[in-house]
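Engineer: My questions all concern the structure below.
The values are calculated or read from the model by the stated rules, or taken from the named source; none is laboratory data. From a predicted model like this one, the values you see are computed outputs, not experimental measurements. Every residue, glycine as well, gets a Cβ built from its backbone with ideal geometry; the counts of neighbours run over all protein chains shown. Surface areas here come from the heavy atoms of the whole protein model, side chains and all, with no ligands, DNA or RNA. Shrake-Rupley method; radii C 1.70, N 1.55, O 1.52, S 1.80 Å.
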Amino acid sequence: MQAEERQHRILAMARGDGGVDVGKLAADLAVAPETIRRDLRQLEQHGLVRRTHGGAYPVETARFETTLAMRTTRRVPEKRRIAKAAADQLADAETVFIDEGFTPQLIAEALPTDRPLTIVTASLTTAAVLADSTSFTVLMLGGRVRGRTLATVDHWATRMLAGFVVDLAYVGANGISREHGLTTPDPAVADVKAQVVQVARRLVFAGVHTKFGASSFCRFAEVADLEMIITDTNLTATEAHRYSLLGPHVIRV
């Protein structure tokens, strides 16, 4: 098998499984572990994967985005800790935006139910989670529903958002970097998120450490737009400090 074909297979496996292991790849493809490491280095240089100790995971690009179902199976303990810490930042907010994605859905589940809140969301799953609460008024953004994330996009959603002023917005991203800000693969999703940035008084990013240093196709916000970043302790204290120098308070949980 030629290197190019092998790398295509490795990338397909990473995208299908959410990550790959060097040892398993070497056995499956009948090559030396060092060959796999070399392949992963080349894929990383092309911005297609991010290497980890012993393996790699796929980077989301304009042509590839993980499904919501896949996100519910990866790094769940970290995401739950992040969600709890994010919900604790509610303060005196009365109106809240909750983004699409699994971590924002966990934030919705962690919100206190002993006070009235008006919650705006583009996520069908998050709206369903919140709808049973008698304390919450849930506003679902209209628009085209994306099958990969079960969230609404396009001009219906952005036009509806433009009429609001939201006290606090919890936003996610496919990547966040000091150089390129907050990014996502799909322009329609980026438009919705950019509108949220415009209408929110406070903006909180909540996401696991693997989001950091990654960049996708469409930028919708700068790091300086954020009041706070909440992530897990696998983001080093040194790197967290570098992000804090751009403006936001960084919490590692």
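Engineer: Hey, could you check region 181-203 for residues that are of a type in the set (S, T, N, Q) and buried (at least 19 other Cβ atoms within 10 Å of the Cβ) and say which is nearest to Asp167 (Cα to Cα)?
Structural biologist: My answer is Gln195.
Engineer: Report, by residue number, each residue of region 216-236 that is outside any loop (DSSP other than H, G, I, E, B), in contact with an Asp or Glu (Cβ under 9 Å, 6 or more places away or on another chain) and under 14 Å from Gly181 (Cα atoms).
Structural biologist: Scanning region 216-236 gives Cys218, Phe220.
One line per residue, one yes/no per condition, for (1) out of contact with any Phe, Trp or Tyr (no Cβ under 9 Å at 6 or more places or on another chain); (2) in contact (Cβ under 8 Å) with a residue 40 or more places away in the chain; (3) within 29 Å of Arg144 (Cα to Cα):
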position	(1), (2), (3)
Arg71	no, no, yes
Glu78	yes, yes, no
Arg81	yes, yes, no
Ala86	no, yes, yes
Val96	no, yes, yes
Pro112	yes, no, no
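Engineer: Can you tell me which residues in region 236-250 are in contact (Cβ under 8 Å) with a residue 40 or more places away in the chain and surrounded by 19 or more Cβ atoms within 10 Å (Cβ to Cβ)?
Structural biologist: Once the filter is applied, which keeps residues that are in contact (Cβ under 8 Å) with a residue 40 or more places away in the chain and surrounded by 19 or more Cβ atoms within 10 Å (Cβ to Cβ), region 236-250 yields Tyr243, Pro248.
Engineer: Scanning region 87-119 for residues that are open to solvent by 10 Å² or more (accessible area, probe 1.4 Å) and β-branched (Val, Ile, Thr), which turns out farthest from Thr183 (Cα to Cα)?
Structural biologist: Within region 87-119, the match that is farthest from Thr183 (Cα to Cα) is Thr113.
Engineer: Moving on to the next point. Hey, Thr233 hits all of (1) hydroxyl-bearing (Ser, Thr, Tyr); (2) open to solvent by 20 Å² or more (accessible area, probe 1.4 Å); (3) out of contact with any strand residue (DSSP E or B) (no Cβ under 6 Å at 6 or more places or on another chain) but one; which does it fall short on?
Structural biologist: (3)
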